[in-house]
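The structure appears below as structure tokens.
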């Protein structure tokens with residue numbers, strides 16, 4: 001019986017896609033460029049930002065799952081450091097070229113236009129986060145410390161804030177947002193008293209320290225339970241570097257995995273955590289309690305990860321792109337409110353308009369809730385039906401960030417807006 005049990009265990013391990021020797025496949029990609037970032041759109045098209053040390057920089061695109069590539073944005077000697085796609089399919093590219101630091105393509109990469117970030121922002125665009133159609137957070141490396149630019153109208157107007165004012169030796173390395181609207185950032189710092197994790201409860205206007213000071217925090221990811229996971233490149237103090245978690249109901253980070261060079265963390269819809277760490281890719285099926293390594297030689301030296309809209313996991317490093325042979329997560333029906341519902345203006349002062357762009361809504365009832373930054377319901381109406389457009393009075397709401405939730409036939413659609 002003991003031998004049978006061992007045999008069954010071996011078979012399970014052999015057939016598990018996470019443990020097999022053929023988890024990845026390497027995509028054909030030009031070997032004369034240095035890859036900096038990767039993203040995909042809803043159609044599964046792949047966009048790769050390249051450029052480093054006087055190599056050709058720009059954006060490459062593949063519309064056939066990585067079989068063929070074309071350069072759709074040429075930056076010459078400068079590089080594309082960060083990329084993101086919003087709910088409308090617009091592609092944002094952040095670069096190291098001062099005259100073209102933030103760029104947008106509204107036609108799937110065919111043409112690009114510059115978005116000017118106003119002073120006092122002058123540095124390279126390190127990270128971009130898009131929320132819905134209109135909200136954009138952009139981190140830039142500035143001499144005055146960790147810096148955030150943010151826009152609530154698709155980049156037409158901008159605000160900014162300093163997360164810290166320590167020095168020019170730290171920058172915001174990653175950005176994510178809780179479902180309640182709190183914005184979290186990780187900071188990579190190179191001097192004593194720098195680095196760590198900060199949060200904003202007012203959409204980026206002001207910031208408060210959360211934890212992990214003197215950690216060179218490179219990546220930050222939030223799961224569906226609003227739990228925060230971070231990864232250290234290294235540490236400046238005597239703490240062990242690795243992956244930390246701010247679990248639900250706690251206010252301090254817990255050390256959950258001993259690792260160095262944690263450069264990226266992603267979490268799929270099944271709550272499986274993937275991390276580029278120890279120059280391999282590791283995963284956790286139990287919310288960070290245990291981690292295992294993907295035993296595929298192509299996992300070595302992966303630096304950044306991305307879960308595509310097609311459910312595949314992508315990894316990049318140097319001039320190499322790998323993709324999981326099979327999807328790591330099921331691609332279900334998308335319920336992005338930005339695709340179905342337009343909410344405007346944003347920011348709003350007195351009235352918030354809601355336009356629903358799907359015919360079945362005209363024949364069904366739905367509820368509308370607005371939550372403040374603490375999760376408190378500040379508006380509730382259960383009587384909407386047979387209409388695809390309405391206006392809400394938000395004049396009495398205090399200035400800040402709010403979450404809009406629309407419930408219809410047990411489906412929840414979420415958006416957000418800022419009251420000014």
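All but one of (1) buried (at least 19 other Cβ atoms within 10 Å of the Cβ); (2) without any contact (Cβ under 8 Å) to a residue 40 or more places away in the chain; (3) over 24 Å from residue 51 (Cα atoms) hold for residue 157; which doesn't?
Condition not satisfied by residue 157: (1).
Pick from segment 193-206 the residues that are without any contact (Cβ under 8 Å) to a residue 60 or more places away in the chain, crowded, with 20+ Cβ neighbours inside 10 Å and outside any strand (DSSP E or B): which of them is farthest from the chain's Cα centre (by Cα)?
194
Can you find a residue that is over 27 Å from residue 205 (Cβ atoms), in a loop (DSSP other than H, G, I, E, B), without any contact (Cβ under 8 Å) to a residue 60 or more places away in the chain and in contact with a strand residue (DSSP E or B) (Cβ under 9 Å, 6 or more places away or on another chain) anywhere in segment 112-134?
First pass over segment 112-134, keeping only residues over 27 Å from residue 205 (Cβ atoms): 112-113.
From what's left, in a loop (DSSP other than H, G, I, E, B): 112.
Now restrict to residues that are without any contact (Cβ under 8 Å) to a residue 60 or more places away in the chain: 112.
From what's left, in contact with a strand residue (DSSP E or B) (Cβ under 9 Å, 6 or more places away or on another chain): 112.
Checked against the condition, which is being over 27 Å from residue 205 (Cβ atoms), in a loop (DSSP other than H, G, I, E, B), without any contact (Cβ under 8 Å) to a residue 60 or more places away in the chain and in contact with a strand residue (DSSP E or B) (Cβ under 9 Å, 6 or more places away or on another chain), segment 112-134 yields at least one hit.
Would you be able to say whether some residue in segment 316-324 is assigned to a loop (DSSP other than H, G, I, E, B), surrounded by 20 or more Cβ atoms within 10 Å (Cβ to Cβ), touching a strand residue (DSSP E or B) at 6+ places or on another chain (Cβ under 7 Å) and modelled with pLDDT of 95 or more? Let's see the steps before the verdict.
First, pick out the residues of segment 316-324 that are assigned to a loop (DSSP other than H, G, I, E, B): 318-319.
Filter once more, keeping what is surrounded by 20 or more Cβ atoms within 10 Å (Cβ to Cβ): none.
Looking for residues that are assigned to a loop (DSSP other than H, G, I, E, B), surrounded by 20 or more Cβ atoms within 10 Å (Cβ to Cβ), touching a strand residue (DSSP E or B) at 6+ places or on another chain (Cβ under 7 Å) and modelled with pLDDT of 95 or more, one finds none in segment 316-324, hence no.
Taking residue 253 and the conditions (1) surrounded by fewer than 20 Cβ atoms within 10 Å (Cβ to Cβ); (2) at pLDDT 95 or above, which numbered condition does it fall short on, given that it satisfies the others?
The failed condition is (1).
With respect to residue 270, is the statement that it is out of contact with any strand residue (DSSP E or B) (no Cβ under 8 Å at 6 or more places or on another chain), in a loop (DSSP other than H, G, I, E, B) and surrounded by fewer than 23 Cβ atoms within 10 Å (Cβ to Cβ) true?
Details: out of contact with any strand residue (DSSP E or B) (no Cβ under 8 Å at 6 or more places or on another chain): yes; in a loop (DSSP other than H, G, I, E, B): yes; surrounded by fewer than 23 Cβ atoms within 10 Å (Cβ to Cβ): yes.
Yes: the conditions hold for residue 270.
Considering (1) surrounded by 17 or more Cβ atoms within 10 Å (Cβ to Cβ); (2) farther than 22 Å from residue 140 by Cβ; (3) in contact (Cβ under 8 Å) with a residue 40 or more places away in the chain, say which one residue 218 fails and leave the rest.
Single failed check for residue 218: (2).
Restricting attention to segment 391-407, which residues are modelled with pLDDT of 75 or more and surrounded by 14 or more Cβ atoms within 10 Å (Cβ to Cβ)? Please lay out each step first, then the result.
Of the residues in segment 391-407, the ones modelled with pLDDT of 75 or more are 391-400, 402-407.
Those that are modelled with pLDDT of 75 or more and surrounded by 14 or more Cβ atoms within 10 Å (Cβ to Cβ): 392, 394, 397, 400, 402, 403, 404, 405, 406, 407.
Among strands (runs of 3 or more DSSP E) lying entirely in segment 152-192, which contain 3 or more residues that are more than 20 Å from residue 102 (Cα to Cα) and assigned by TED's automatic domain parsing to the domain that holds residue 92?
Details: elements: 159-162, 170-177, 183-189.
It comes to 183-189.
The values are calculated or read from the model by the stated rules, or taken from the named source; none is laboratory data. What you see is a predicted model; the values in this text were computed from it and never measured. Quick reminder, even Gly has a Cβ in these numbers, built from the backbone with ideal geometry, and neighbours come from all protein chains shown.
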